[in-house]
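Heads up, the thing below is written out as structure tokens.
Bear in mind these aren't lab numbers, they're just calculated from the coordinates by the rules spelled out. Computed from a prediction, not measured in an experiment: that's the story for all the values here. Neighbour counts are summed over all protein chains in view; Cβ atoms, including those assigned to glycine, are modelled from backbone coordinates with ideal geometry.
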Amino acid sequence: MHRFFSLKGRLSRGLFIGHIFAVTIFFIGLTALYPHRLFGYNNLDLLHNIINKLNLLSITCLIIQRLHDLNKSSLHALLLLIPIYNIFLILCILFKRGTVGPNEYGEDPLSFRKIF
């Protein structure tokens, strides 16, 4: 669980996609269970906002860990706010191979596979 809210370490492509999928399914399920639709509450309800903020925070942390695997600083996550460039950056995050071996952000997340 700490992986979802940590800014440290590296995350490989496969783990990144798996974690993003897990977070998305979890928060969709959590939102579906929340009874704001049943009782007619406004979508700006406090609990709904907290759920959305936690979702945004966890996805941001996962993106930063993936950027660390590419040997990029967390400040590159701000570049996702720039139109057109954000598409290029997302494609790099999804498809570019991470740095082989250790970098300044930690050990290679795939290094254990070389042992076997």
Taking the alpha-carbon set of the stretch 2-111, what are its Rg and Dmax in Å?
-> 16.1, 53
List the aspartates and glutamates whose Cα lies under 15 Å from the Cα of LYS8, skipping any in the same chain that are fewer than 8 positions away.
-> ASP69, GLU104, GLU107, ASP108
Potential extension, SER73-PHE21 segment - 0.36 nm per residue separation minus Cα distance = 16.4 nm
Taking neighbour Cβ counts within 10 Å as the exposure measure, how do ILE59, ILE50 sort from fewest upward?
-> ILE50, ILE59
Charge context of LEU89, other residues only, Cβ under 12 angstrom, K/R +1, D/E -1 | +3
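Test of understanding: what is the full-extension gain from TYR85 to GLU104, defined as 0.36 nm times their sequence separation minus their Cα-Cα distance?
On the way: separation 19, 0.36 × 19 = 6.84 nm, distance 2.51 nm.
Contour length minus Cα-Cα distance gives 4.3 nm.
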